[in-house]
Amino acid sequence: MSREIFKERERALEYEFCHKVDQKLLEKLRDDVRSEERLQALERATGIGDHDVLRSLDEMGISGECIVALSLYPLVHVAWADQRVQRRERAAILNVVEVLGHGPDSASYHLLEHWMDEPPSPELFAAWRNYVAAILDTMPSTGEKLTLQEWLMGRARRVAAAAGGVLGVHAISKSEQAALEALQNAFDDTAL
């Protein structure tokens with residue numbers, strides 16, 4: 001009898017072990033499917049086909065819904081150049097996202113607000129550089145690439161100038177100018 005009980009317990013333990021392994025495999029499969037769905041959504045939202053760039057964005061929590069925020073990250077980068085985001089800089093950034101059709105209830109708007117409340121990590125700048133390089137690779141003409149560059153750099157300069165200076169003198173600080181140059185370098189490093 002004790003042998004039968006032992007065998008029964010052994011089967012129960014084996015079943016429990018296999019059940020747990022099966023559950024872990026199923027959860028991993030679900031995670032892989034969700035990850036692939038997120039990558040596909042990012043690819044649709046951005047037009048980027050480079051899966052390394054898409055995985056990097058996904059790992060940072062950037063979704064297809066938040067891609068507008070990532071594309072406007074340079075504005076936040078410039079705003080934080082002097083170690084704080086000023087009220088006028090914040091208003092200038094939120095105005096741009098609203099003009100693009102993403103109001104206070106959108107994920108992009110909330111993400112930009114978060115980045116203005118808490119300084120983004122340096123990894124986010126690197127992710128944006130990879131993103132802009134991949135976006136530029138998808139554009140067929142140099143003219144389109146230059147238009148994107150000019151549009152984004154123009155908005156970044158407006159954010160830098162929003163904080164002011166005195167009577168328009170020194171409206172862009174040295175730290176903001178350095179941030180603008182870092183953004184420009186991201187474009188220069190990508191063959192236009």
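What the table shows:
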quantity	calculated
Qualifying residue in region 67-80 (condition: among the hydroxyl-bearing types (Ser, Thr, Tyr) and surrounded by fewer than 17 Cβ atoms within 10 Å (Cβ to Cβ))	no
Selection count where residues are farther than 19 Å from GLU118 by Cβ and over 18 Å from the mean Cα position of the chain (by Cα), scope region 52-87	0
Residue check for ILE172: modelled with pLDDT under 90 and not in a helix (DSSP H, G or I)	yes
Residue in region 147-157 that is aromatic (Phe, Trp, Tyr), closer than 30 Å to HIS51 by Cβ and either touching a Phe, Trp or Tyr at 6+ places or on another chain (Cβ under 8 Å) or part of a loop (DSSP other than H, G, I, E, B) (or both) present	no
Any hit, region 123-134, residues being surrounded by 14 or more Cβ atoms within 10 Å (Cβ to Cβ) and over 20 Å from ALA45 (Cα atoms)	no
Condition met for VAL97 (over 23 Å from SER173 (Cα atoms) and touching a residue at least 12 places away in the same chain (Cβ under 8 Å))	yes
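The values are calculated or read from the model by the stated rules, or taken from the named source; none is laboratory data. If you're wondering where the values come from, they're calculated on a predicted model, not measured in any experiment. All Cβ positions, glycine included, derive from the backbone under ideal geometry; neighbour counts span all protein chains shown.
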